[in-house]
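A quick write-up on the structure given underneath.
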Amino acid sequence: MALHDKEILPGEILPVVIIGNGPSGICLSYLLSGYTPYLSAEVSHPNPLLHSKLGEQPLLSLLEQDLEYLCEGLEGRSSNPVAVLFDSLLLPDSDFGLDHTSPLEWRYEPERAVPHLVLGKGPPGGAWHAMEGSMLTLSLANWMELPGLKLKDWMRDKRRNVRNDRATPAEIASYYQHYVSQMSLEQSFACGTTVTSVTRQQSNKDGSPPCWRVTGLQRREGEELGDGSAVSDEVPFSLLAHNVVLATGTHDIPARLGVEGESLPFVCHSFWELEAAISRGELDQSSDPVLVVGAGLTAADAVLAAHHLNTPVYHAFRRSVNDPGLIFNQLPKLLYPEYHKVHQMMTQQQHHPSPQPQELAQNSQHRSPSSNSSSSPSSSSSPSSSYPGYLSFPRHRVVAFRPDRKCILESESGRRTAVQVSKALVLIGAHPNLSFLDDNGRPLGVNPEEPITCRRNPVEVDPFTNEVVAADGPGMYAMGPLVGENFVRFLKGGALAIASDLAKRRREGRGDAGGDSTSDRWIDRQVTAEAEVCVLDS
């Protein structure tokens with residue numbers, strides 16, 4: 001779908017523009033397209049208190065109920081209350097490995113639809129399409145599916161023989177793309193778009209209300225060349241919207257350590273650089289170890305990939321292996337066996353530095369490591385170890401990378417260890433690209449002095465509406481990784497919170513939520529090819 005670069009006529013303002021077409025944007029589009037959740041009369045929720053609350057107003061949809069009231073007393077693996085609520089309704093007791101039927105039933109009610117536009121750089125699915133080369137598989141456990149289309153059912157239709165409950169990232173990306181088509185959401189998606197600016201537009205003299213202006217570029221395929229390829233160009237667009245939803249994710253800019261030598265050629269900041277090196281035959285069992293820095297799932301993927309090749313691995317991370325904040329301590333072992341295996345490796349095969357000569361001369365009860373000492377890596381594991389070639393460095397940080405491919409690691413006590421490596425992979429997360437906002441969106445964070453990050457400094461939002469607290473005006477929302485939700489399982493709660501708040505505004509007769517008159521005008525204009533406004537062109 002293309003966007004025409006024409007100035008919108010006074011009064012013609014889109015109700016909602018969603019920036020980002022990953023799982024967050026797709027799920028919100030589903031809810032804004034008229035698909036509405038109700039409590040089923042045939043299924044009860046295993047939590048009796050929640051079931052009782054839902055039964056107080058059984059004829060009301062979930063979008064019309066008091067989410068704050070429903071969230072009271074619920075506990076889960078997310079700090080966002082609506083995420084815990086929606087997850088509990090979609091996947092009851094899934095933390096215990098149970099597969100209860102959801103008490104929600106979905107009804108398509110087109111009269112509830114809110115016209116909206118979803119902008120994304122690539123096809124629907126967002127960052128999942130960048131993962132298509134991965135050799136690794138991810139646990140399904142229904143956690144990555146979206147409402148209305150069971151991932152397991154889709155996988156069975158796609159494969160003739162399903163021997164296990166697994167899928168590649170490429171298949172997950174394909175599922176999200178198919179979901180948009182299956183749910184007939186395509187008319188609301190404009191792909192190949194890059195947003196360059198989001199600003200608050202004040203009221204004009206003609207009486208038009210304040211709104212948000214979204215500008216950017218859309219890639220279009222142009223003239224076809226003789227070799228079958230096509231010339232693409234970028235066409236500017238400009239939109240006005242009552243509400244803007246930030247759903248860009250946080251995978252755009254890899255985080256860096258900021259240490260000496262980090263720009264050396266052997267230092268990488270992407271899992272895909274490891275895969276490229278593997279495909280080029282640069283790594284095998286005779287290679288010097290690969291240093292993996294980080295303790296998240298991407299770092300675990302890198303450990304598994306190198307271990308699969310029998311390439312030695314050094315694994316350095318800042319936390320203790322028993323830290324409750326470590327992601328491996330939050331994942332059910334049965335559902336994520338590969339990641340549990342990595343956690344076992346991290347725990348069982350830790351680096352224990354050899355004592356320095358001066359330490360041997362001291363009483364073991366009084367020895368204290370020197371902050372300037374240096375040692376070679378060693379492991380407490382035996383030669384018959386279950387994981388040969390792997391060594392973890394808990395509570396260590398990288399001090400420097402040297403041109404001779406040596407990396408200097410430092411423990412919490414200040415003791416330094418030099419390791420010789422073939423490659424170093426710094427996989428400590430990523431920052432979102434919010435360059436279309438003032439100061440890259442920093443003023444919107446919980447700490448406005450720091451860059452926006454998923455874990456340390458998410459965008460601050462109202463916990464029950466997901467409206468951005470420090471926005472320049474009303475009608476700006478954020479969801480997904482931007483507000484600290486890395487799992488698809490929980491980002492769906494943000495979609496519910498936003499859709500519920502917009503529905504409430506609509507019931508109260510506020511035009512900024514896409515009231516009937518606004519909706520009707522946009523529906524009419526979408527079917528009028530000659531309309532002199534910025535419209536979708538299928």
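Among the residues of the range 421-461, the ones that are under 14 Å from the mean Cα position of the chain (by Cα) and over 26 Å from THR193 (Cβ atoms) come to 1 in all.
Residues of the range 317-351 that are touching a residue at least 60 places away in the same chain (Cβ under 8 Å) and aliphatic (A, V, I, L, M): VAL321, LEU334, LEU335.
The condition of being among the hydroxyl-bearing types (Ser, Thr, Tyr) and free of Cβ contacts under 8 Å to residues at least 40 places away in the same chain holds for only one of THR465, THR453, that being THR465.
Per this entry, SER52 is counted among residues that are of a type in the set (S, T, N, Q), open to solvent by 20 Å² or more (accessible area, probe 1.4 Å), out of contact with any helix residue (DSSP H, G or I) (no Cβ under 6 Å at 6 or more places or on another chain) and in a helix (DSSP H, G or I). Of the strands (runs of 3 or more DSSP E) lying entirely inside the range 377-494, those containing at least 1 residues that are open to solvent by 50 Å² or more (accessible area, probe 1.4 Å) and modelled with pLDDT of 95 or more are 396-401, 406-411, 416-420.
Quick check on my filter: what residues within the range 311-349 are open to solvent by 40 Å² or more (accessible area, probe 1.4 Å), assigned to a loop (DSSP other than H, G, I, E, B) and at pLDDT below 90? Correct list: PRO324, LYS333, LEU334, LEU335. Within the range 27-41, if we keep just the residues that are open to solvent by 10 Å² or more (accessible area, probe 1.4 Å) and out of contact with any Asp or Glu (no Cβ under 7 Å at 6 or more places or on another chain), the residue that is farthest from GLN182 (Cα to Cα) turns out to be ALA41. Scanning the range 82-103 for residues that are surrounded by fewer than 20 Cβ atoms within 10 Å (Cβ to Cβ) and modelled with pLDDT of 90 or more gives a single hit, VAL84. When each of SER79, SER44 is tested for being open to solvent by 40 Å² or more (accessible area, probe 1.4 Å), within 23 Å of GLU485 (Cα to Cα) and touching a residue at least 24 places away in the same chain (Cβ under 8 Å), the lone residue that passes is SER79. Among the criteria (1) part of a helix (DSSP H, G or I); (2) at pLDDT 90 or above, the one HIS129 does not fulfil is (2). Residues in the range 23-49 that are in contact with a Ser or Thr (Cβ under 8 Å, 6 or more places away or on another chain), part of a loop (DSSP other than H, G, I, E, B) and not polar (S, T, N, Q): 2 in all.
Selection of first residues in the range 474-490 that are closer than 12 Å to SER79 by Cα and of a type outside the set (Lys, Arg) and of second residues that are part of a strand (DSSP E or B) and open to solvent by 10 Å² or more (accessible area, probe 1.4 Å), restricted to Cβ pairs under 6 Å at least 6 apart or on distinct chains, gives the following pairs, ordered by first then second residue: VAL483/VAL461. What about VAL195, is it part of a helix (DSSP H, G or I) and at pLDDT 90 or above? The answer is no for VAL195. From the list SER270, SER229, SER238, SER279, the lone residue that is at pLDDT 90 or above, surrounded by fewer than 19 Cβ atoms within 10 Å (Cβ to Cβ) and on the phi < 0 side of the Ramachandran plot is SER238. Residues in the range 391-410 that are more than 17 Å from GLU260 (Cα to Cα) and out of contact with any Asp or Glu (no Cβ under 7 Å at 6 or more places or on another chain): LEU391, SER392, PHE393, PRO394.
The values are calculated or read from the model by the stated rules, or taken from the named source; none is laboratory data. Model, not experiment: these values are computed from the prediction. Please note: Cβ atoms are built from the backbone with ideal geometry, for glycine as well, and neighbour counts cover all protein chains shown. These area figures cover heavy atoms from the full protein model, side chains too; ligands, DNA and RNA do not enter into them. Shrake-Rupley method; radii C 1.70, N 1.55, O 1.52, S 1.80 Å.
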